[in-house]
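To keep things clear, I will list the structure first and then write my remarks on it.
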Amino acid sequence: MTKFKILTLSVLIACSSGTAVAANQWSVGAGVGVVTNPYKQYDRDVYPVPVITYEGDDFWFRGLGGGYYLWNDTADKLSIMAYYSPTYFKPGDSDDRQLRRLDKRRSTMMAGLSYVHNTEYGFLRTALAGDTLDNNNGIV
């Protein structure tokens, strides 16, 4: 269990290191992605993940996604965004007989709108995105 905590902490540190980037600055790093599945008798996957962050006046990139600002000032940011959603399920990877009967779920590309409102006390972020590759027909 301690290996899992160390890997999770590594991901959090890698993801949080790029959040305090000044305008028009690049940040490049490396991280570890841990996919822990809630399914019975299903293994955890560990992947190396490049961490690339850019925050500009018109565009932004963070982790597995990016976007174009439609509105960008100090208090409000509205953007069109797209990101890779790595969630998947392979029934053959499970040792459980009932899970092997479920349908396969594939990773996909999500796209939509993102809105951020900044105040002196913090920020509020909301997003609406849909499956663009028609792999899962999901909306987040």
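The values are calculated or read from the model by the stated rules, or taken from the named source; none is laboratory data. Computed from a predicted structure; not experimentally measured. Ideal geometry is used to build each Cβ from the backbone, glycine not excepted, and the neighbour counts take in all protein chains shown.
For segment 71-87, the criterion of being of a type outside the set (D, E), surrounded by fewer than 17 Cβ atoms within 10 Å (Cβ to Cβ) and at pLDDT below 85 is met by at least one residue. Screening Y42 on (1) surrounded by fewer than 16 Cβ atoms within 10 Å (Cβ to Cβ); (2) touching a residue at least 40 places away in the same chain (Cβ under 8 Å); (3) of a type in the set (S, T, Y) shows it passes everything except condition (1). Among residues of segment 99-120 being among the β-branched types (V, I, T) and surrounded by 15 or more Cβ atoms within 10 Å (Cβ to Cβ), the one that is nearest to the chain's Cα centre (by Cα) is T108. Just one of D58, D96 is touching a residue at least 24 places away in the same chain (Cβ under 8 Å) and exposed (fewer than 15 other Cβ atoms within 10 Å of the Cβ); which is it? One residue alone meets the criteria, D96.
Only one of (1) more than 24 Å from V34 (Cα to Cα); (2) in a loop (DSSP other than H, G, I, E, B) is not met by N136, so which one is it? All conditions pass for N136, except number (1). For segment 85-101, taking the residues that are in a loop (DSSP other than H, G, I, E, B) and not hydroxyl-bearing (S, T, Y), the one that is farthest from F59 (Cα to Cα) is identified as R97. Here L113 fulfils each of the conditions (1) in a loop (DSSP other than H, G, I, E, B); (2) over 26 Å from A30 (Cβ atoms) apart from (1).
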